[in-house]
Amino acid sequence: MKNTIWAACLCLASLFAAGCEDDFATVLNLRDDGTTAPSDPTPDDPEVGASALKLGTYNLWISTKGTGDYLWTNRRTILAQSIVANAFDIFGFQEADETIKNELPVLVGQAGGNYEWWFFGRDNLSGTVGEACGIAWNPDRFELSDRRGFWLSETPDEVSYGWDETGYHRIACAATVKDRTTGKKFLLMVTHGPLSANARAKAAELLVEREQAYNAEGLPSILVGDMNAAPDDAASATLRSHWSDARTATPVANVYGPVGTFQSHKTTTDLSDESRRIDYIYVRGEAELLSYRTDDSVIGGIYPSDHCPVSVQLNITYTPDEVEGSGTEADPFRLDSARDWNAIAASMNNATGVYPADACYRLTADIDFTGKPFTAWAQFEGTLDGAGFAMKGIEAANADEKEFGPIRTNLGTVKHLAVEAALASAYRDFGGVAGINKGTIDGATFRGTLTGTAAASYIGGIAGQNTETGVVVNCAHLGGEIDAKTATKAENCGGIVGGLTKGAYVVNCYSLIDRIASSNNNIAGIVGFVGNDSFVVNSYSTLAAIDANGTYCSAVAYSKIGNLQNIYGNADCTTSKAGALVANDKAAGTVWKTTTGALLTLDRMKSGAVNVASSGESCPDFAAALNAGAAIFDATTTETLAAKPAVTLRRWKMTENGPAFE
């Protein structure tokens, strides 16, 4: 590290604190005597295994600034030499203007470097125009996929200025990197932070959000760049809350070079000043940091750039999960981890063909998503067998204007799956297992919270909307709440299904949901809205706490020519119509002209004789009445129910909390 004292005038301090791009007035070292203060010698990188990689970040300094030795035509060869000397396997960079894009890759190749280059420009949507961030990598070792770029702004997918940063379009880019030598992957993000403190803080939050959105597989992730933020900056604190700062996370004996990274091309700059540190490498997930280096080398008497390159040696330590199976009915793909689920989501949602939407899948263990990313399966057409296992600890919010649930739209069969989650959505169809169900959900359970905001509507514990050929059977809501009080619409909320339309079925289900809150109506414990020629059969709810407007009750809120047979609600639930099983039973059903069901007290649900509503048969307890109701449905012929689903209804037994499935 240099021992010289920074002797620049005090006015330079404000420049240094502000940032470093083409928008920042770099101070040039004119070297009156033609000499420079050499760096203290530092050891070579430690010896590491063949699987370790060297990853860096380098602000290249745009080509249009500088005079004398710092003219681009004078320093460009030195910059290329610096890149080759650092021996990066892969690195992110900033401030690549059009001249640098055209010339630097050629110069680095001539100096002995072997890199492919990806530039993401800030001035058009395709990322091909304007000063760029990007990634350079050894193509013999790595391959990049899922390349993305975005703007650090309130509209990140548009060319835009961010918050109060109005001088420059600030950007970031990201790619999934696969190491050919190990088969392991990681997410690499590169950015150049704003100068405004407010914009930096907001941009840091956006970087965290985008890492979570892009990292569907839960891979190790690395963020590099010129953050324009000192370590004590609010933006730095936000980034450290999500990633680890590589300098402080690396064993101290293997941290080399000065703490500061921004020297303003002045070789007398005191880089022991921590506030000079504005270039970072952040690491998250299963990666072992072996060394960290700030390279303050002076070549030919000058710094190659106004920033020192920073690098780490690290091992990606996670073991890639192999999802066993071939996806057939006899040999389904077998899932036992969050990474399995997310890897399948990434393939299915991007139609890569590795894990097709119409294949067979089965859980072989509980999957715990606590503290891990979660990605929904967009459209599922195959068979998912939960085998009685649970997906636990899911915390996820929907922000892309589509239906939402662990499976967004189900056209296949989901069975024997338990979901425990806290989900949120600002869009219409929203469910604890599926946003929209047009297939079969058999034997699924949900426990947790569903929070609807903005345009959320059709919210249900199992499915938001069950429609067309959709069947929800033998399912249960095991506790929690639906809260859509702040949504602008938020009608059609149900403990099992929010809305039932176009001839769909809910059969042999129960809901123990604790509370539903909505700013609108059609709120109920089993189904909120039942449309024409749809069916709710042999199901019950204990819902007592409702905070809604207009039409709500314990069982079914609104039936518009629906067919309701043997449905049961909580007699203690306050309804919009005293003693109503259905708050608004608008018209007779197309098959069953009369709704049959009963309101039972919670005590009667737990013990004592209960009559089957449709037949009047007296049964010794509520479970027996539900079993009798199931038998009535089983005996109903296709002459009566032309589209009767081919399902096997589970039998009921009494528990201390009331009927549940055997």
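Laboratory data are not the source of any read-out in this text; all were calculated from the coordinates shown. Just so it is clear, the structure is predicted and the values come from calculations on it, not from any experiment. So basically every Cβ, Gly included, is an ideal-geometry build from the backbone, and we count neighbours across all protein chains shown.
Quick rundown of the values:
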{"item": "At R0 = 51 Å, FRET efficiency that the Cβ-Cβ distance of Asn198 and Thr601 yields, to 0.05", "result": "0.35"}
{"item": "Alpha-carbon Rg/Rh ratio, for the stretch 407-556, with Rh computed the Kirkwood way", "result": "0.92"}
{"item": "Viscosity 1.567 mPa s, 4 °C: Kirkwood-radius Stokes-Einstein D of the stretch 51-316 over Cα pairs, µm²/s", "result": "71 µm²/s"}
{"item": "Segment Thr77-Thr248, extension gain: residue separation times 0.36 nm, minus the distance between their alpha carbons", "result": "58.3 nm"}
{"item": "Percent antiparallel among DSSP beta bridges (both partners in the chain, rounded to 5)", "result": "35 percent"}
{"item": "Between the stretch 149-183 and the stretch 353-368, the Cα center-to-center distance that results, in Å", "result": "32 Å"}
{"item": "Sequence of Leu564, Leu206, Leu417, Leu602 once ranked by neighbouring C-beta atoms within 10 Å, starting from the fewest", "result": "Leu602, Leu206, Leu417, Leu564"}
{"item": "Separation between Cα centres of the stretch 634-653 and the stretch 263-332, rounded to whole Å", "result": "61 Å"}
{"item": "Principal axis dimensions, largest first and in whole angstrom, of the stretch 423-478 by Cα", "result": "30, 26, 9"}
{"item": "Square roots of five times the Cα gyration tensor eigenvalues for the stretch 133-261, Å", "result": "24, 20, 13"}
{"item": "Calculated on alpha-carbon atoms, Rg and Dmax of the stretch 333-661 in Å", "result": "18.3, 56"}
{"item": "Hull shadow area, averaged, the stretch 249-327 [alpha-carbon convex hull, nm²]", "result": "7.7 nm²"}
{"item": "Hull-based mean projected area of the stretch 537-622, where the convex hull spans the alpha carbons, in square nanometres", "result": "5.3 nm²"}
{"item": "Residue-span extension gain [Arg515 to Asp164] - 0.36 nm each, minus C-alpha spacing", "result": "122.1 nm"}
{"item": "Lysine-lysine proximity count for the stretch 483-603, Cα under 17 Å, sequence distance 8 or more or distinct chains", "result": "6"}
{"item": "Theoretical gain in end-to-end length, Thr317 to Thr574 [0.36 nm per residue, Cα-Cα removed]", "result": "86.9 nm"}
{"item": "Radius 12 Å from Cβ of Arg604, net charge of other residues (Lys, Arg +1; Asp, Glu -1)", "result": "-2"}
{"item": "Angle in degrees between helix 622-635 and the longest Cα principal axis of the chain, rounded to the nearest 10", "result": "90 degrees"}
{"item": "Nearest-ten-degree value, helix 338-349 long axis tilted from longest Cα axis of the chain", "result": "90 degrees"}
{"item": "With Cα atoms, 0 to 90° folded angle of helix 197-214 axis to the chain main axis", "result": "60 degrees"}
{"item": "Anisotropy class of the stretch 376-455 from Cα gyration tensor, a/c 1.5 cut", "result": "oblate"}
{"item": "Among 293-300, 94-101, 367-374, 436-443, the order from most to least packed when residues are scored by Cβ within 10 Å on average", "result": "436-443, 94-101, 293-300, 367-374"}
{"item": "Kirkwood Rh in Å, taken over the chain so that all alpha-carbon pairs contribute", "result": "27.7 Å"}
